[in-house]
Structure formats: structure tokens, C-alpha cells
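**Q** Sharing a structure, written as C-alpha cells. Questions coming.
Bear in mind that the values in this text are calculations on the coordinates, not laboratory data. All of these numbers come straight from a predicted model, not from anything done at the bench. For neighbour counting, all protein chains shown are included, and Cβ atoms are generated from backbone atoms with ideal geometry for every residue, glycine included.
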Amino acid sequence: MTDAEKKTSSPTGPASALPTAPSPAPALDEGLDARLVVERGSSFRLDVTLTAAPGDVVALLGPNGAGKTTALRALAGLVPLSDGGRMRLDGAELGRRPPESRPVGVVFQDYLLFPHLTALDNVAFGPRCHGARKAEAREQAAGWLERMGLATHAGSKPRRLSGGQAQRVALARALATRPRLLLLDEPLAALDARTRLDVRAQLRRHLADFEAVAVLVTHDPLDAMVLADRLVVIEDGRIVQEGTPSDIARRPRTDYIAHLVGLNLYRGEAEGHLVRIPDGPALTTADDLTGPVFVAFPPSAVTLHRGRPTGSSARNLWHCEVTGMEAHGDQIRASLAGDLALAVDLTTVAAAELDIHPGSEIWATVKASQTHAYPA
């Protein structure tokens with residue numbers, strides 16, 4: 001994975017189109033080929049198909065309760081597959097194998113390091129379980145800790161490690177068994193913002209060197225877009241969209257994904273440059289299409305006016321009311337309702353000059369050139 005393949009734009013705006021080649025379809029005798037079917041009574045059914053070639057990093061995204069953690073646990077063998085499910089890894093059927101006999105490494109959200117063991121012995125635990133002698137296992141563990149930049153912490157117990165150090169020990173422990181499938185459950189969720197930035201960069205380097213398949217679950221779009229080659233978005237136990245990070249960011253297909261990547265998203269019927277929104281206004285776009293389409297634009301593309309603007313070149317104009325305001329990085333994000341529901345990003349200076357607050361009436365404009373329409 002190259003640096004160019006990993007980069008996207010800010011989550012608050014659409015990503016630039018990157019020349020990212022799609023991942024090749026895995027051969028039958030290598031990589032992951034799974035259909036994860038899990039039923040929990042009559043209330044929930046997961047049915048997700050995942051394929052990945054060696055070297056691929058796949059991120060599972062989705063709202064709470066979508067089934068992404070269930071999918072990860074099914075891959076690990078911690079949740080049994082229901083009828084119709086299968087899991088093949090490098091050509092071997094693993095669906096009925098117990099977790100301990102699968103060539104799978106797992107990094108749990110809370111790391112689950114053994115508190116009574118040193119970092120060295122935590123990492124050596126995996127090779128020991130696979131039959132390595134104590135001295136051999138500890139030698140392998142020392143090598144992994146050195147690769148993680150933790151050689152000086154080999155004798156430290158987990159309580160003496162920082163969050164970032166504990167995460168790297170857990171990763172080293174998972175990799176020490178040389179798994180053919182690496183699973184990461186919210187690998188950065190337990191870290192503070194400053195540590196997260198450093199550990200994300202380190203984790204990206206380690207995943208780039210990993211020669212087998214890696215699957216991670218995360219709720220953070222930045223983690224997914226920095227770490228993964230391909231995103232798989234799950235809602236209600238089904239895949240609703242998958243593709244490269246740049247594809248997902250530019251062309252979201254559900255409200256959840258649009259919110260995730262920071263875009264306003266609408267579905268309507270296109271007649272040339274005009275898109276009619278059901279129970280809403282028509283939008284003018286730069287794209288010339290016919291039939292069902294999505295229209296997306298970033299909150300930063302919206303310009304606010306206290307009075308109805310005159311002489312504006314913007315083709316889209318809506319009368320709205322401010323329903324909410326919150327800090328969003330170094331800006332303010334305002335939620336609007338009225339002619340059209342939308343999110344708007346503006347600076348604190350602009351908010352003060354407009355004197356807007358919840359309940360304020362406002363006019364919003366968006367230039368057609370700043371919208372993006374694509375087939376639904």
C-alpha cells in the first residue's frame with residue numbers, strides 16, 4: 001500500500017479522486033473468502049460476504065448495532081456461523097474449526113494483555129501455545145518488540161505501559177503467531193487524541209508490511225481511511241456500500257455514510273442539471289443526468305446570508321432556520337431546517353458577524369459547481 005493510496009481529504013469535505021487501483025480478486029487458494037451468516041433469534045440476521053487478497057486491509061464500518069463486531073467475532077470463530085455461512089482462508093475451510101486452531105490473530109479493543117506477565121512474555125505467549133520452546137518463543141517475542149520500538153520495555157508489565165505501548169504489545173502478540181488473518185477491533189479507541197495520531201501512523205506502517213489479510217472494525221472514518229485499502233459499510237446486518245476510501249467519500253449512498261464523511265446528501269430524480277427532491281426543493285447541479293440520482297456537497301460549500309441575497313451567482317437558494325450549532329474542529333457547524341435540511345460549516349468570525357443562533361432565520365446558497373450528482 002502506497003502513501004498515495006491511503007490519503008483522502010478532510011472528513012468535512014469530499015475526497016479528491018485518487019488513482020487507486022481496485023484490489024485484485026483473490027485466487028481460490030489464497031486470501032479470505034467468507035460469507036458470514038449469523039442469526040440471533042428473530043431480531044437480527046447478519047449476512048455479509050467478504051473477500052480479500054493477501055496484503056489487503058479491509059475496514060468494516062457501520063452504526064452501532066449494524067453487525068460489524070459480530071462479523072469480526074464470526075471471523076475469529078467466537079460466534080458460530082448459521083446455515084449458509086462459510087469461511088475459507090488460503091483455500092482451507094475454517095467454518096467449523098475452534099478459534100484456537102485457526103491461523104487468526106486478534107487485537108481486542110481493550111488489548112487483554114495478561115497483567116501478571118511482562119511485555120516480552122505476553123508476546124511470547126502465542127508462539128508458546130503453538131509449540132515453541134520457552135527460549136525460542138522469547139527470542140521471537142524480543143524480535144517483535146524491537147520491530148515495534150518497544151525493546152526497552154520488554155520487562156515491563158502492562159500497568160507500566162502507556163496506552164500506545166500497550167496497543168503495540170497487543171499487536172506484536174497477535175503477529176507473533178504469524179497469522180494469515182489479522183483482526184483488529186477498534187484498535188485505537190482506547191487512546192487519547194494525541195497518542196492516537198502517533199499510534200495510527202505506526203499501525204499503518206505495520207499493516208503495510210503485513211503480507212496476509214487484515215480486517216479492522218472502527219467507528220472512526222479517519223482511522224478507516226488512513227489504515228484501509230477498502231471500506232465495507234454495514235447497516236442492519238447487510239453491506240450497503242463498499243469501495244476504496246476515495247470512492248466512498250465522493251459517492252456516499254446512505255445518510256449514515258454521508259454523515260460519516262461529512263457531506264450533505266439528497267436523493268432525487270434528475271432531468272438534466274435539475275434534480276427534484278421528493279417533498280423538497282429542486283437542486284441545480286453541474287452534472288447532466290437523467291433518472292434516480294444522489295446529490296452531495298460539503299457543509300463548507302454553503303454560504304449563509306441574513307437577508308435574501310441579490311446579485312448572487314449561486315443557482316441554489318433556500319430559506320431556512322438555524323436549529324443547532326456546535327463546535328466542529330476550529331469551525332462551527334450549524335444545522336438548518338426549512339426549505340432544505342442541511343449542515344453548514346462557518347468560522348467563528350462569520351457566525352459572529354451574521355449574529356446567528358438557534359432560531360435565527362437565514363438564507364443559504366450553494367453554487368451548482370460545488371455540488372456532485374451521481375446515479376443512485
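**Q** How long is the gain from Thr49 to Asp287 if the chain were fully straight, where each residue apart is worth 0.36 nm and the alpha carbon distance is subtracted?
**A** Length difference between fully extended and current span is 82.4 nm.
**Q** Around Pro298, with a cut-off of 14 angstrom between Cβ atoms, what is the net charge of the other residues, counting Lys and Arg +1 and Asp and Glu -1?
**A** Value of the local net charge: +3.
**Q** Further, regarding this structure: Determine the calculated [θ] at 222 nm for the chain from helices alone, applying -39500 (n - 2.57) to every DSSP H run no shorter than 4 residues and normalising by the residue count; nearest 500 deg cm²/dmol.
**A** Numbers: 10 runs with 95 residues, N = 376.
Computed mean residue ellipticity for the chain: -7500 deg cm²/dmol.
**Q** Where does the chain land on the Kirkwood hydrodynamic radius, alpha-carbon pairs, in angstrom?
**A** Taking the inverse mean of 1/r over all distinct Cα pairs, the chain comes out at 22.9 Å.
**Q** Further question on the same structure: Which order results if Arg173, Arg40, Arg35 are arranged by neighbouring Cβ count within 10 Å, fewest first?
**A** The most exposed by this proxy come first: Arg40, Arg35, Arg173.
**Q** Within segment 254-349, which trypsin sites (Lys or Arg not before Pro) sit in a loop by DSSP and count at most 14 neighbouring Cβ atoms inside 10 Å?
**A** Here the trypsin sites (Lys or Arg not before Pro) that fit, given the DSSP loop and packing criteria, are Arg306.
**Q** Test of understanding: ordering Cys129, Cys320 by Cβ neighbours within 10 Å, fewest first, what list do you get?
**A** Least to most surrounded, the residues fall as Cys129, Cys320.
**Q** I would also like to ask the following. Take Ser43, Ser335, Ser313 and order them by how many other Cβ atoms sit within 10 Å, fewest up front.
**A** Starting with the residue having the fewest Cβ neighbours, the order is Ser43, Ser313, Ser335.
**Q** Sum up the charges of everything whose Cβ sits under 10 Å from the Cβ of Gly272, counting Lys and Arg as +1 and Asp and Glu as -1, but leave Gly272 out.
**A** -3
**Q** How large is the dipole of the chain about the Cα centre if only Lys and Arg carry +1 and Asp and Glu carry -1, each at its Cβ, rounded to the nearest 20 debye? Intermediate values should be presented prior to the final figure.
**A** Values: 41 positive and 44 negative charges, 260 e Å.
For the chain, the charge dipole is close to 1240 debye.
**Q** What full-extension length gain, to one decimal in nm, is calculated for Ala92 and Asp339 as 0.36 nm per residue of separation minus the Cα-Cα distance?
**A** Details: separation 247, 0.36 × 247 = 88.92 nm, distance 5.62 nm.
Taking 0.36 nm per residue and subtracting the Cα distance, the gain is 83.3 nm.
**Q** Would you please give the FRET efficiency between Leu274 and Asp83, computed as 1/(1 + (r/R0)^6) with r the Cβ-Cβ distance and R0 = 56 Å, to the nearest 0.05? The partial results should precede the final answer.
**A** Working: r = 48 Å, r/R0 = 0.86.
For R0 = 56 Å, the calculated efficiency reads 0.70.
**Q** If the elastic network links every pair of Cα atoms under 10 Å, which of Ser42, Ser312, Ser101 fluctuates the most in the Gaussian network model of the chain?
**A** Its mean-square fluctuation being the largest, the pick is Ser42.
**Q** Would you kindly state how much longer the chain becomes between Leu112 and Asp355 on full extension, computed as 0.36 nm times their sequence separation minus their alpha carbon distance, in nm to one decimal?
**A** Details: separation 243, 0.36 × 243 = 87.48 nm, distance 5.04 nm.
That pair, Leu112 and Asp355, stretches by 82.4 nm at full extension.
**Q** Compute the angle between helix 119-129 and the longest alpha-carbon principal axis of the chain, please, reported from 0 to 90 degrees and rounded to the nearest 10.
**A** 70 degrees
**Q** Further question: Does anyone have the angle between helix 193-209 and the longest principal axis of the chain? Alpha-carbon axes, 0 to 90°, nearest 10?
**A** That works out to roughly 60 degrees.
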